[in-house]
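One structure is given here, and the rest of the page talks about it.
The values are calculated or read from the model by the stated rules, or taken from the named source; none is laboratory data. If you're wondering where the values come from, they're calculated on a predicted model, not measured in any experiment. Cβ sites come from the backbone with ideal geometry, for glycine too, and all protein chains shown count toward neighbours. Heads up: the accessible areas ignore ligands, DNA and RNA and are worked out on the full protein's heavy atoms, side chains in. Shrake-Rupley method; radii C 1.70, N 1.55, O 1.52, S 1.80 Å.
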Amino acid sequence: MRLRFLGSTSEAGACPSLYETDRGTIVVQGLAVTDPEARADLLHVLDGEDAVEVPRELLTEIARRLLL
C-alpha cells in the first residue's frame, strides 16, 4: 500500500493528518484515544483496530478538497 499526504491541521505536517491510499481508502494518523471512559463508548473494536482523535476542521477541509 502507498500513501499520499492529504493534509493536517498541525504545524509542520505532524499528526493529526490524513492520507489517501492507492487502494481508495483513507488513513488517519493521530493520537490514540486512551481515556477509559471514551474507549468504553467505542462499539465493535476488532483485533488490530484502534481509535484516533481528529479535529473536525481537518475532516471538513480534506472533504472539501476531495469533492472539488
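Regarding Thr34, is this residue at pLDDT below 95 and either at positive phi or of a type outside the set (A, V, I, L, M, F, W, C) (or both)?
no
I need the full set of residues from region 36-68 which are open to solvent by less than 100 Å² (accessible area, probe 1.4 Å) and more than 18 Å from Ser8 (Cβ to Cβ), in order please.
Selection gives Ala38, Arg39, Ala40, Leu42, Val45, Gly48, Glu49, Ala51.
Identify, by number, the condition in (1) in contact with a Cys (Cβ under 7 Å, 6 or more places away or on another chain); (2) surrounded by 13 or more Cβ atoms within 10 Å (Cβ to Cβ) that Leu31 doesn't meet.
(2)
Select, from Ala12, Ala40, the only residue that is of a type in the set (Gly, Ala, Ser) and at pLDDT 95 or above.
None of the other options fit; the residue is Ala40.
Got a sec? Which of Ala51, Ala63 is in contact (Cβ under 8 Å) with a residue 12 or more places away in the chain and aliphatic (A, V, I, L, M)?
Exactly one residue qualifies, and that residue is Ala51.
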